[in-house]
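Input: a single structure, listed below in structure tokens.
The values are calculated or read from the model by the stated rules, or taken from the named source; none is laboratory data. What you are looking at is a predicted structure, and each value in this text was computed from that prediction instead of being measured. No Cβ is skipped: glycine too gets one built from the backbone with ideal geometry, and neighbour counts run over all protein chains shown. Just so you know, the surface numbers come from the protein's heavy atoms only, side chains and all, with ligands and any DNA or RNA stripped out. Shrake-Rupley method; radii C 1.70, N 1.55, O 1.52, S 1.80 Å.
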Amino acid sequence: MNSFQKIVWPVLFLLLMQSCRKDPLSDLTFDESRIYVTNNDPDINYTDYTSFSMGDSAVVIDNGFYYTELTDVDQAYIDAIKSSMQARGFVEVSKDDAPDLGINLTRFYSTSTGIIDNGYWGGYGGYYDPYYWGYGGYGYGGAPFYTTYSYTEGAITLDILDLKNATENGTINIIWNGLIRGSGIFSSTTAAGSVDALFNQSPYIQR
Amino acid sequence: MKIKISILVCSIFLSISAWSQQDRLHVSIQYNYALPQGSLKNDVVEKGSGRGAVLDVQYKINPLYSIGVGFGWQDYYEKFPRKEYQSGENEITSAVLTNSVQIIPVLAKGRFYPLGNEQKSMVQPYLSAGVGFSLINFEQYLGQFGGSGNKLGFSWQGGAGADIRFSKTSRAGFTAGVNYLNSSYKEFGFGNFNSINIHAGIYIPME
């Protein structure tokens, strides 16, 4: 065996063995592929809040452009969020009836920058028009969220806004948000389960 | 796929056999089962790995000692059920966690054959020791989102085993043994990635 062959056989051996490796991603179901991330403001006591109102559509952020839309998938998420809030003792009211809490739903599609990072709210001032909640001219504020994951594909976020103290604070503080990422998230059939997952890991949202 | 791999492995051995003229230089290829130890077991994968192999080349200096080089490959994989992780100060992430580790040791090895009478005995027990480095590839996923990193670290190995000739006149035979492999991995707060390895296969002369 010449020197070249002596080198080739170990390389062939390693290449051959590497092909026997178990692929971690191919072993995941759709459900297992999904992650649920929640951030909360620890200073908030939810028993101080009674009512909530849900945005009537979703904000869609698609490659830097954003607009509002209401699809069947959005409606499934909105219904699931309302059910979860009501099950925790909050009363749904119209946005014109001075709700204590507002809830925004946002769909993200492929975007080039880490838009979900701290710049999500700080840089853009919130995608959901503050006028919708009756606080025109106000910006969105609150704790810097989404510090763990940069975002490259699709995601759905829910945000709970403190409307009760917006006037006193001079800003609409985001007191909780939830992030859903993974396979099959833009589906009506997975909406309820995904929303449940976010609320189940946030037991402090309770009247 | 497995049939193709088997055919390739057999082809390799037949080719090597054809070149073999003497029997001072031996090559062995062995299946390897690894039991993780230390930080590898406590922090990364709890289960043993049946996806591994060892390729050793040994040159007999005299009836008592041989020296050579050994290549290994071991794939560790484990998927942990969905669980909530504290991923930030006020951030919770619910995810299925998957760890995937490949360890590729390249070691200078020596063997001591206490019987030293290879012409008389069918069975040749040996003690072995090795020193070198391991290439460690570590991938970790939360759901389908993750990252990977490669690290080259110092490695040493100690073990024992036996070569068993196919027949009294054969220059090839079975080989089997047990060893302990220590692979340095001082990353992300982990300790060494160690393992107890049980290996068995065949050896043939290749000179």
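Okay, residues lined up against (1) among the hydrophobic types (A, V, I, L, M, F, W, C); (2) at pLDDT below 90:
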{"residue": "B:C10", "(1), (2)": "yes, yes"}
{"residue": "B:S20", "(1), (2)": "no, yes"}
{"residue": "B:S49", "(1), (2)": "no, no"}
{"residue": "B:G52", "(1), (2)": "no, no"}
For region B:23-116, give me every one of the strands (runs of 3 or more DSSP E) that falls completely inside it and has 1 or more residues that are among the small types (G, A, S) and more than 10 Å from chain A (Cβ to nearest Cβ). B:25-37, B:65-88, B:91-112
Taking the conditions exactly as written (crowded, with 17+ Cβ neighbours inside 10 Å and free of Cβ contacts under 8 Å to residues at least 12 places away in the same chain), does B:E91 satisfy them or not? yes
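The rows are residues; the columns are (1) at pLDDT below 95; (2) open to solvent by 30 Å² or more (accessible area, probe 1.4 Å); (3) among the polar types (S, T, N, Q).
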| residue | (1), (2), (3) |
| --- | --- |
| B:V96 | yes, no, no |
| B:N99 | yes, no, yes |
| B:P105 | no, no, no |
| B:K109 | no, no, no |
| B:V123 | yes, yes, no |
| B:Y126 | no, no, no |
| B:G130 | no, no, no |
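Residues being in contact with a helix residue (DSSP H, G or I) (Cβ under 6 Å, 6 or more places away or on another chain) and assigned to a strand (DSSP E or B): count how many of those fall in region B:117-143.
0
Across region A:174-200, what is the number of residues that are of a type outside the set (G, A, S) and surrounded by fewer than 18 Cβ atoms within 10 Å (Cβ to Cβ)?
4
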When the residues of region B:178-195 are filtered to those that are free of Cβ contacts under 8 Å to residues at least 60 places away in the same chain and open to solvent by less than 60 Å² (accessible area, probe 1.4 Å), which remaining residue is nearest to the chain's Cα centre (by Cα)? B:N179
Tabulated pairs, region B:23-37, first open to solvent by less than 30 Å² (accessible area, probe 1.4 Å), second in a loop (DSSP other than H, G, I, E, B), C-beta under 6 angstrom, 6+ apart or interchain: B:L25/B:M206; B:L25/B:E207; B:V27/B:M206; B:P36/B:V45
Over region B:144-158, the set of residues at pLDDT 90 or above and either open to solvent by less than 50 Å² (accessible area, probe 1.4 Å) or not in a strand (DSSP E or B) (or both) is B:G153, B:S155, B:Q157, B:G158
